1. If I filter region 8-26 for residues that are within 20 Å of Leu54 (Cβ to Cβ), in a helix (DSSP H, G or I) and open to solvent by 100 Å² or more (accessible area, probe 1.4 Å), do I get at least one hit?
2. Name the pairs: first residue in region 1-26 and closer than 19 Å to Leu40 by Cβ, second residue of a type in the set (A, V, I, L, M, F, W, C) and open to solvent by 50 Å² or more (accessible area, probe 1.4 Å), Cβ to Cβ under 8 Å, at least 6 apart or on different chains?
3. Would you mind telling me which numbered condition in (1) of a type in the set (Val, Ile, Thr); (2) without any contact (Cβ under 8 Å) to a residue 24 or more places away in the chain; (3) surrounded by 11 or more Cβ atoms within 10 Å (Cβ to Cβ) Val49 fails?
4. Just one of (1) in a loop (DSSP other than H, G, I, E, B); (2) touching a residue at least 24 places away in the same chain (Cβ under 8 Å); (3) among the polar types (S, T, N, Q) trips up Ser66, so point out which.
5. Please count how many residues of region 55-64 are farther than 15 Å from Leu9 by Cα and surrounded by 15 or more Cβ atoms within 10 Å (Cβ to Cβ).
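The values are calculated or read from the model by the stated rules, or taken from the named source; none is laboratory data. Small disclaimer: the values here were computed from a predicted structure and weren't measured. Please note: Cβ atoms are built from the backbone with ideal geometry, for glycine as well, and neighbour counts cover all protein chains shown. Ligands, DNA and RNA are stripped out before the accessible areas are found, and what is left, the full protein with its side chains, is counted by its heavy atoms. Shrake-Rupley method; radii C 1.70, N 1.55, O 1.52, S 1.80 Å.
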Amino acid sequence: MQADHDKVLRMLKTARGQMDGIVRMVEEDRYCIDISQQLLATQALLGRVNKEILTAHLKHCVGQASTPAQLEEKIDELSAMLGKLLK
């Protein structure tokens with residue numbers, strides 16, 4: 001992975017902490033809207049992590065493709081991932 005490891009790990013650990021908090025909220029039978037807001041915040045953070053990783057992939061892996069076949073393979077991978085993201 002070519003993304004900034006420290007940044008990605010920090011963001012993922014924050015998301016894990018948010019998830020732990022959401023689990024506690026459910027266990028405590030907290031207000032549904034409050035739980036939903038926390039879920040949305042966690043999803044947004046995970047989206048930013050994914051963007052960081054995919055941007056690094058685009059800059060490094062796609063940029064480093066040395067043959068047209070490798071470039072096509074990397075573009076196909078990104079296209080498939082975009083299909084999943086935009087579902």
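1. Here is the first cut: in region 8-26, the ones within 20 Å of Leu54 (Cβ to Cβ) are 8-15.
This time we only want the ones that are in a helix (DSSP H, G or I), so: 8-15.
With open to solvent by 100 Å² or more (accessible area, probe 1.4 Å) added as a condition, the list becomes 10, 13.
Among the residues of region 8-26, at least one is within 20 Å of Leu54 (Cβ to Cβ), in a helix (DSSP H, G or I) and open to solvent by 100 Å² or more (accessible area, probe 1.4 Å), which makes the answer yes.
2. If the second residue must be of a type in the set (A, V, I, L, M, F, W, C) and open to solvent by 50 Å² or more (accessible area, probe 1.4 Å), the pairs left are Ala15/Leu46; Ile22/Leu39.
3. Result: Val49 fails condition (2) only.
4. (2)
5. Selection size over region 55-64: 3.
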